[in-house]
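Values in this text are rule-based calculations from the coordinates and carry no lab data. This structure is a prediction, so every number in the text was calculated from the model and none was measured. Positions of Cβ are generated from backbone atoms using ideal geometry, with glycine treated the same way; all protein chains shown enter the neighbour counts.
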Amino acid sequence: MASTDTKTTKAVGEDGSGLAGIEAGLDALETSAKARAPFSQTFKSKILPPIVAVVVVLVIWQGLISLNIVSNPSKLPSPADVWAEIEDQWLKGTLFSYIWGSVSRGLLGFLLALAIGTPLGLLVARVKFVRAAIGPILSGLQSLPSVAWVPPAVIWLGLDNSVMFTVILLGAVPSIANGLVSGVDQVPPLFLRAGRTLGATGLRGTWHIVMPAALPGYVAGLKQGWAFSWRSLMAAEIIAQSPDMGMGLGQMLEVGRTNSSMSMVFLAILLILFVGIAIDLLIFSPVERWVLRSRGLLVKS
């Protein structure tokens with residue numbers, strides 16, 4: 001046994017040179033892991049695939065019309081017709097108004113839902129009586145289609161923007177709260193015990209221990225909450241319309257249906273899809289990557 005210890009000591013080195021070599025190797029690995037990928041690799045793995053997907057969709061779309069598989073423009077407009085509609089709305093000055101009307105409502109409503117859903121989720125997760133009382137209600141509200149809230153909201157509040165925010169809140173708050181509850185439930189008990197040992201109790205423990213550990217589930221709830229917010233808003237804009245409520249993509253979709261303009265209908269659908277994807281890519285995806293990277297869970301291919 002003594003000879004083994006002697007050999008180990010000699011291998012490491014009395015001056016710590018062996019340990020220094022190990023540390024240097026680990027530093028090199030960490031540096032290589034943090035090195036930014038070249039643009040060519042990023043282009044091939046992240047930029048090129050969605051471009052190819054869009055091109056394929058456009059080719060199939062145009063092929064359905066060119067091959068007379070769908071020859072009635074009142075059922076399926078061509079990509080050129082939709083592009084002409086974009087130019088027409090741009091020249092009229094209404095395109096940006098439609099987009100900004102919906103985006104501003106959606107983001108403001110989501111922020112209100114965030115301010116309500118976060119403390120509600122913490123309360124449900126940490127207080128057993130509250131969880132038993134309203135936990136099933138939150139799950140039920142999450143499964144209820146948001147469009148069901150539009151008629152009563154119109155009756156209660158009238159035709160103004162408060163209808164939009166009410167529908168957004170009823171659609172997003174349960175998702176945000178349930179996401180946070182799920183994240184808190186997955187916090188290892190060892191973290192909580194270690195926090196209490198170090199004096200992190202009450203609000204301090206919630207802020208420094210519970211919330212950081214629950215971030216993956218919380219971020220997932222935020223993404224789902226935004227999806228519910230956006231869908232709820234579109235349903236409310238289609239059903240509840242008034243000159244006092246301004247313009248939005250839902251109103252644009254309904255105007256296209258009323259005027260039997262399939263090019264406007266398709267344009268509205270594409271813009272709704274584009275805004276939803278853009279918000280996810282610009283806001284939620286970076287936050288999700290940061291959470292995964294901070295936990296060493298981000299795997300690079």
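Just a few scattered comments:
- With the cut-off at under 14 Å, measuring from each backbone N in the range 207-237 to a point 7 Å along the Cα-to-Cβ line of Asp185 picks out 217-218, 221.
- This ranking places Leu138, Leu282, Leu114, Leu144 by how few other beta-carbon atoms lie within 10 Å of each, fewest first, which gives Leu282, Leu144, Leu114, Leu138.
- A viscosity of 1.002 mPa s and a temperature of 20 °C, combined with the Kirkwood radius over Cα pairs in Stokes-Einstein, give a translational diffusion coefficient for the range 114-258 of 129 µm²/s.
- Separation between Cα centres of the range 172-204 and the range 50-72, rounded to whole Å: 49 Å
- Length available on full extension from Leu91 to Val70: 0.36 nm per residue minus the Cα-Cα distance, which gives 4.6 nm.
- Alpha carbon centroid spacing (whole Å) that separates the range 107-152 from the range 224-301: 21 Å
- FRET efficiency for the pair Leu157 and Asp280, taken as 1/(1 + (r/R0)^6) with r the Cβ-Cβ distance and R0 = 22 Å, rounds to 0.15.
- The label point for Val57 and the one for Thr42, both projected 7 Å from the Cα toward the Cβ, are 2.4 nm apart.
- Electrostatic dipole magnitude of the range 83-294 [Cβ: Lys, Arg +1; Asp, Glu -1; Cα centre; debye, to 20]: 1160 debye
- In terms of other Cβ atoms within 10 Å, Glu85, Glu237, Glu254 run from fewest to most in the order Glu254, Glu85, Glu237.
- Taking other C-beta atoms within 10 angstrom as a stand-in for reagent exposure, Phe110, Phe266, Phe274 fall in the order Phe274, Phe266, Phe110, fewest first.
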